[in-house]
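Right, one structure below, let's go through it.
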Amino acid sequence: MNPKFTAHPWHGISAGENAPEKVNVYVEIVPSDTIKYEVDKSTGLLKVDRPQKFSNVIPAAYGFIPQTYCEEEVRDLAISNGSVDVKEGDKDPLDILVLSSHYFHGGNFICEAIPIGGFKMIDKGEADDKIISVLVDDQIYGKMRDISDLPEAQIKRLQHYFLSYKNLATEEALVRIDDIYGAEHAKKIIEASRHDYEKYLSENK
């Protein structure tokens, strides 16, 4: 990588030397944002996806694990765990939420995080897993190693956000969460998404 150029957040940064135990995260959006940002796949620049329509606020830093992609292996994991109506992965990098006791002023940065679990979210027939992680060395969250370490109220808050953030007040639910899983299954999802990424690269050279 030429040091004169910024690395593409999806392709130019690794998932982490010790992934899936510890992963790199590219953060797109933080709780203070009233706009949902996401990386433009072609340019690597952070772009406006949409203004937040309602008062729901993302509960933690949110982004994706670089060099991951959600397609066949991620889909197959969802199906093998009971979501028989899943047709495909969502064809995006693997989403991840980073819990921290610290305040982040804005997105567009990378950090290291430890996966502790996740939600098996199904979005209109697509596997759209949301990995839950903790910021490395965080004073409050840093020693947690499984989603069971979190208070139940916090898990419900995270779940509520993901069930409501895409929905308009008058629409039927667009998404559902079929399972809340712990760290070991989260690591399987990460590895599956890395394999899907390798296949994606080989097919798009």
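The values are calculated or read from the model by the stated rules, or taken from the named source; none is laboratory data. Keep in mind the model is a prediction, meaning the values are calculated, not measured. Quick reminder, even Gly has a Cβ in these numbers, built from the backbone with ideal geometry, and neighbours come from all protein chains shown.
The number of residues in the range 72-90 being more than 14 Å from Lys188 (Cα to Cα) and either in a strand (DSSP E or B) or touching a strand residue (DSSP E or B) at 6+ places or on another chain (Cβ under 8 Å) (or both) comes to 8.
If only residues of the range 13-58 that are over 12 Å from Ile110 (Cα atoms) and of a type in the set (Gly, Ala, Ser) are counted, the one that is surrounded by the most Cβ atoms within 10 Å (Cβ to Cβ) is Ala19.
The residue pairs whose first member lies in the range 144-159 and is over 10 Å from Ile180 (Cα atoms), whose second member is part of a helix (DSSP H, G or I), and whose beta carbons are closer than 8 Å, counting only pairs six or more residues apart or on different chains, are Arg145/Ala183; Asp146/Ala183.
Restricting the range 12-30 to residues that are assigned to a loop (DSSP other than H, G, I, E, B) and in contact (Cβ under 8 Å) with a residue 60 or more places away in the chain leaves a set whose member that is nearest to Asp49 (Cα to Cα) is Val30.
Residues checked against (1) at pLDDT below 95; (2) under 17 Å from Glu198 (Cα atoms):
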site: Asn2; (1), (2): yes, no
site: Lys22; (1), (2): no, no
site: Thr34; (1), (2): yes, no
site: Gly63; (1), (2): no, no
site: Gln67; (1), (2): no, yes
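So which residues in the range 70-122 are under 12 Å from the mean Cα position of the chain (by Cα), among the small types (Gly, Ala, Ser) and farther than 24 Å from Lys47 by Cα, if there are any at all? Result: Gly117, Gly118.
Test Asp128 against the criterion of being farther than 20 Å from Val27 by Cα and in contact (Cβ under 8 Å) with a residue 24 or more places away in the chain, and give yes or no. No, not satisfied.
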